[in-house]
Amino acid sequence: MKLESQIVAVSKLRADDVTQMCRLMQAHYEGVTERQFAADLSEKQWAILLHDQGHLYGFSTQVLFDHVYDGDVVKVLFSGDTVIDKSHWGSTALPVAWGRLMLSLLAAQPGVDFYWLLTSKGYKTYRFLPVFFCKFQPCYNAEQTTAENELLRSVAVHRFGTRYDASAGILRAEPGNQRLREGVAELDSRRLRDPHVAFFQQRNPGHAQGDELVCLARFHPDNLNPYIRRQL
């Protein structure tokens, strides 16, 4: 089985697409209601849909926004609800589709700095960062400069307001927020041998309750891992 990707404007999604997306979220996350899912989806611009023989096995929602930092305007792509069914874990369809979306946005506005804003409830999402990027924050083997820290804080406060705990770098869960179901992204001694996973656990000890580690990476060809550059 192979996943086929499709990038669709949220305004063009069919009612059946939205229903399947919501059901897929509910299968992997607790606390997902149809009303909450629809409200969150309405704030996004695109959905990356992943199908296999006509059935939806994954998706990721995206929104691009401007952020003014230190007198300059930067572009930030925020990835919202993201899920892939367990039967297709390990597929590269989503990261490749997402990377091509970013490249198209970058090409349309040359000379503008682009960043990816990601919030991680589970280690699987956080692991996208070292797969894609040479440098990102936060990371276990890189010290953040004052400027990088301040940019991350500025973007997070702009997007999430008081829910963002700047001292910990965490988007705190509120009552009724989504959290991963048991068995979706469990941590064990084998997984914790991965330094990125161990770092995620250390920085976000409340992930099982729905806390999210807020992450930022500059999207630029020079910051892409060589393997990803070849794939894109």
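Observations, loosely collected:
- Taken over the range 34-48, residues that are closer than 15 Å to residue 62 by Cβ and either outside any strand (DSSP E or B) or out of contact with any helix residue (DSSP H, G or I) (no Cβ under 7 Å at 6 or more places or on another chain) (or both) amount to 6.
- Taking the criterion of being over 16 Å from the mean Cα position of the chain (by Cα), surrounded by fewer than 16 Cβ atoms within 10 Å (Cβ to Cβ) and assigned to a loop (DSSP other than H, G, I, E, B), the residues of the range 91-120 that qualify are 109, 110, 111, 112.
- Sub-8 Å Cβ pairs linking a first residue in the range 85-106 that is touching a residue at least 60 places away in the same chain (Cβ under 8 Å) to a second residue that is of a type in the set (Lys, Arg) and buried (at least 16 other Cβ atoms within 10 Å of the Cβ), at least 6 apart or interchain, number zero.
- Being over 29 Å from residue 114 (Cα atoms), surrounded by 15 or more Cβ atoms within 10 Å (Cβ to Cβ) and small (Gly, Ala, Ser) is not true of residue 54.
- Residues of the range 133-148 classified as in a loop (DSSP other than H, G, I, E, B) and closer than 16 Å to residue 222 by Cα, total: 3
- Residue match in the range 184-199 (condition: aliphatic (A, V, I, L, M) and either under 20 Å from residue 80 (Cβ atoms) or in contact with a strand residue (DSSP E or B) (Cβ under 6 Å, 6 or more places away or on another chain) (or both)): yes
- Top-ranked residue in the range 26-44 [being surrounded by fewer than 20 Cβ atoms within 10 Å (Cβ to Cβ) and of a type in the set (Ser, Thr, Tyr); ranked as nearest to residue 121 (Cα to Cα)]: 33
- Qualifying residue in the range 49-66 (condition: in contact (Cβ under 8 Å) with a residue 24 or more places away in the chain and more than 19 Å from residue 14 (Cβ to Cβ)): yes
- Members of the range 159-173 found to be over 19 Å from residue 76 (Cα atoms) and not in a helix (DSSP H, G or I), listed by number: 165, 167, 168, 172, 173
- Test for residue 155: is it under 30 Å from residue 104 (Cα atoms), out of contact with any helix residue (DSSP H, G or I) (no Cβ under 6 Å at 6 or more places or on another chain) and not in a loop (DSSP other than H, G, I, E, B): yes
The rows are residues; the columns are (1) among the hydrophobic types (A, V, I, L, M, F, W, C); (2) surrounded by fewer than 17 Cβ atoms within 10 Å (Cβ to Cβ); (3) under 30 Å from residue 112 (Cα atoms).
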position: 17; (1), (2), (3): no, no, no
position: 24; (1), (2), (3): yes, no, no
position: 46; (1), (2), (3): yes, no, yes
position: 64; (1), (2), (3): yes, yes, yes
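- Checking residue 116 against (1) hydrophobic (A, V, I, L, M, F, W, C); (2) more than 18 Å from residue 63 (Cα to Cα); (3) touching a Leu at 6+ places or on another chain (Cβ under 8 Å), the condition it does not meet: (2)
We did not get these values from a lab; they are worked out from the coordinates using the rules stated. Please read these numbers as outputs of a predicted model, since none were measured by experiment. All Cβ positions, even for glycine, are placed from backbone atoms using ideal geometry, and neighbour counts span all protein chains on display.
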